[in-house]
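Each remark here refers to the structure printed beneath this line.
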Amino acid sequence: MDDHSCTRSWKTARCFTTTPGSRRRLGVVLWRGVVVLGMLCLGSMMQLIAAEPKADYPIAPLPFTAVKVSDGFWLPRIETNRKVTVRYDFAKCEETGRIDNFAKAGGLMKGPFRGIFFNDSDVFKVIEGASYSLALHRDAKLDEYLDALIVKIAAAQEDDGYLYTARTLNPDNPPGGSGKTRWSHLAHGHELYNVGHMYEAAVAHWQATGKRTLLDVAIKNADLIDRTFGPGKRRDVPGHEEIEIGLVKLYRATGEERYLKLARFFIDQRGRPDRGRLYGAYAQDHKPVVEQTEAVGHAVRAGYLYSGIADVGALTGDAGYIKAIDRIWNDVVSRKLYITGGIGSSRGGEAFGQPYDLANATAYNETCAAIANGLWNHRMFLLHGDAKYIDVLERVIYNGFLSGISLSGDLFFYPNPLAFDGQRKFNQGAAGRKGWFNCSCCPVNVVRFIPSIAGYIYARRDDSVYVNLFIGSTGTVKLAGKLGGDNTVTVSQQTRYPWDGRVRITVKPEKEAEFTLRVRIPGWARNRPVPSDLYRYATNSRRAAKLRVNGEPLAVKLERGYAVIRRTWKAGDAVELDLPMPVRRVLSHAKVAANRGRVALERGPIVYCVEAVDNGGKVVHLALPDDAQLKALHRPDLLGGITVLAGDAVAVSYAKDGKTKETTKHRLVAIPYYAWAHRQLGEMAVWLPRDVSLTRPTRPPTIASQSRATASHTWHLDTAAAMNDLVEPANSSDQSIRRLTFWDHLGSKEWVQYELKQPTKVSGVAVYWFDDSGIGGCRVPESWRLLYRDGKTWKPVEASGEGGVSKDKYNRLKFKPVTTVALRLEIQLRKEFSAGVLEWKVE
């Protein structure tokens, strides 16, 4: 082998130099990655043959590899994911050093570790998504790229199977959060989380290509962890759950029951004080799993844990596990679920909030949490066979998840709020979607979830076929006959769903046979938006779902939300489902304070929002009366083809006196929530006031609002424009509106400034201070003074007193009139604290 060995990056051919010490390891890796790979591709007897589990989910999903999607809505997204997102994510992983970390750890190139200590997991997730894409569409270039990448990963694995590049490259001083020694900081170190994603990627790659290259790495690592953790060994758990899901997938792939037992061990050890220090509710480690009753802590961790519990419960028959996640599921759908299917309302800890704490503008709703919620609900369906779980899954994939990825496939939301003021930098320092994040778990999670959606469409149990999602597709399923023998049944759908509720399902059995087709009748078509009283429709629709078989009407007989059609089927039999799609007004439970007096709009599975670009540049001044008529209009030319809702709303504004409210008719346009922020960025709202009293009326321009606001320092998530946006604070700790803060400057002297539109005579100001005592580090300042610009010189005004520093009110300062083009507040912060401004008026 030459000293210069080439590997192909996603964008360019790149060379690394091998050192003498690295050649032996690289040679072994290449033997595995090429020789064994070639043997497997020839159908070698070394191919893994997994044993059938002794127990399993009573319902089996039809794998996405057995489903061909032809849908007008989802196929473009699957193709964008394959052609754009997979490649984009790999390119970003290269650009940010995530992939080089493996090469460095394997001795294939020199250099220090770059990035966050859990960045290995990002690469694994993209490999999983790329493998799913390969399974659906052969791509020689992508296949070759994965081969080269897996060589680097295998090289980075230590001799005993350990794989964690942050520690391998810095054994004595790993990046913060990793712990001083192996497994010493599992609460936040992510050693087990990372490899859980590797196991999922390895199984996906093996299933897609038949190659063991990454699977061998995963097995070697899992064997190390099995030797390290378990009864009579180390008793600890991952702070961030995920390995449980990965271990179950390894068990299914290899038949090695040790992996299933290890997954169960990690679940059983949670919340047990005799284990040692617990990691608390944030990590769902506050009490034993079988005793937990509500969803708490970090929402993504929780969703992965509940998915893992479902897997292990199904495979072991542990009723205690199933009862626990049944209780927790009821808690979520009854008290903690957003109308979009999002979960995790609190930015602090990216966590579940208190019951009914479902704020809109500050909603976190991480895209990864939506994915975790989808994974969990699909497993709940496989356990119980009830359509209510698919109802939640459908709500997630069309709304809470899909908003996280742009139509172009290369811009992402990390949080997904349900209201936006047009400027707040809620998305990890950005106001709109971003191309990448320092912590980029969401972009790389999206890439593996989109192709897997095909695997949620159909399922089977005994001699029943389930049609869960209405997506144009063809699936092939084998049903066991009563008298023995299998019958291969092809089920296909033609539909314009989600814009049209008509679905044609064609059934083609290999041989004429009696079996059952179970077609989901969505909760929204049965006057129930979610399976609880958390949300309800303002009025019930009298139009019910209709069925026809071969053109003949058939009464809809429901079992657990499915229309049950049992008959002797022959090739070409057709079922026509008609789901009425009126525009629906949705109301929240009275305990959801953020939505009192407000209404949301739905049509079919789609949740709508009102965006400024369609409504004259603003939305917070709009009210939607209960009697307003709304119509659905399909716009094939807009945002990839969408159905919009249009009707008459009421716009509210203040008269010139600034006190009298005036109302005018407004032509309201609503678009699907997932499609917002693709055009001109501006205000957005899902929940609209039903009455003008809850609107935020537009105000006449003021001296302040027409000025340009700047500051000596602004925290990256804040904006100086908050000071003159004419939004009235509710109190000094109002978290629902924009603000300017000087964080993380403490005890310093700062300034804020207005550049006036023109020379103006002024004689007073009023300042509303931000103070988040009890939850943050901002306090009202120690003191402040006002200056005006005279030529090139700043001069203090001649004030009649000192500027006030009271909370929850405007602090007014009167002074001798001056004519100026600029005003500045000089602000002295309190010792060890920062400060902020919510609104600054000029009079």
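The numbers here are math on the coordinates, done by the rules we state, and not lab data. Just so you know, these numbers come straight off a predicted model, no measurement behind them. Cβ atoms come from the backbone with ideal geometry, glycine included; neighbour counts cover every protein chain shown.
Once you have the Cα-Cα distance between residue 782 and residue 354, take 0.36 nm times their residue separation minus that, and quote the gain in nm to one decimal.
Length difference between fully extended and current span is 150.7 nm.
For the pair residue 180 and residue 137, how long in nm is the line joining their label points, each one 7 Å along Cα→Cβ?
With each label point 7 Å from Cα toward Cβ, the separation is 5.2 nm.
Mind pulling the angle between the C-alpha long axis of helix 191-209 and the longest principal axis of the chain? Nearest 10 degrees, somewhere in 0 to 90.
Rounded to the nearest ten degrees, it is 50.
Given the pairs 478/570; 54/220; 807/831; 92/249; 83/152; 233/323, which span a C-alpha to C-alpha distance of over 22 angstrom in this model?
On the way: 478/570 15 Å; 54/220 24 Å; 807/831 18 Å; 92/249 27 Å; 83/152 24 Å; 233/323 29 Å.
Distance filter (> 22 Å) returns 54/220; 92/249; 83/152; 233/323.
Roughly how many nanometres apart are two label points built 7 Å out from the Cα toward the Cβ at residue 463 and residue 639?
So the label points at residue 463 and residue 639 sit 4.7 nm apart.
Once you have a ≥ b ≥ c as the square roots of the Cα gyration tensor eigenvalues for the stretch 350-405, tell me rounded if a/c is under 1.5, and otherwise prolate or oblate according to whether a/b is larger than b/c.
prolate
Run the numbers on the stretch 574-699 and let me know its relative contact order in percent, using alpha-carbon pairs under 8 Å that are six or more apart.
On the way: 263 pairs, mean separation 40.4, N = 126.
Computed value for the stretch 574-699: 32 percent relative contact order.
For the chain, take the convex hull of the Cα atoms, compute a quarter of its surface area, and give me that in nm², please. Each step should come with its number before you reach the end.
Working: hull surface 156.1 nm².
It is 39.0 nm².
Helix 20-30 sits at what angle to the longest principal axis of the chain, using alpha carbons and giving 0 to 90 degrees rounded to 10?
60
What is the gain in length, in nm to one decimal, between residue 170 and residue 110 on full extension, counting 0.36 nm per residue of separation less the C-alpha to C-alpha distance? If you can, show how the numbers build up before the last one.
Values: separation 60, 0.36 × 60 = 21.60 nm, distance 1.28 nm.
Using 0.36 nm per residue and subtracting the Cα-Cα distance, I get 20.3 nm.
Taking the Cβ-Cβ separation of residue 665 and residue 560 as r and a Förster radius of 41 Å, what is the calculated FRET efficiency to the nearest 0.05?
After rounding to 0.05, the efficiency reads 0.35.
With contacts defined as alpha carbon pairs under 8 Å and 6 or more residues apart, what's the relative contact order of the chain in percent? Walk me through the intermediate numbers first.
Numbers: 1931 pairs, mean separation 78.5, N = 843.
Contact order relative to length: 9 percent.
Can you tell me how much longer the chain between residue 748 and residue 679 gets when fully stretched, taken as 0.36 nm per residue apart minus their C-alpha distance, in nm with one decimal? List each step's numbers first, then the result.
Working: separation 69, 0.36 × 69 = 24.84 nm, distance 3.97 nm.
Working it through step by step, the gained length comes to 20.9 nm.
Taking the alpha-carbon centroid of each part, what is the distance from the stretch 197-248 to the stretch 335-391 in angstrom?
Cα centres, the stretch 197-248 to the stretch 335-391: 27 Å.
Please list the non-local residues whose amide H lies under 5 Å from the amide H of residue 342, H modeled 1.01 Å from N, same-chain partners needing a gap of 5 or more.
Those qualifying (amide H under 5 Å, at least 5 residues apart or on another chain) are 400.
Mind pulling the angle between the C-alpha long axis of helix 120-136 and the longest principal axis of the chain? Nearest 10 degrees, somewhere in 0 to 90.
Around 60 degrees separate the two axes.
Between residue 323 and residue 261, what is the spin-label point distance in nm, taking each point 7 Å from the Cα along the Cα→C-beta axis?
Going from the residue 323 label point to the residue 261 one covers 2.6 nm.
Just how far, in whole angstrom, is the stretch 717-780 from the stretch 509-537 if you go by their alpha carbon centroids?
First find each Cα centre; the distance between them is then 51 Å.
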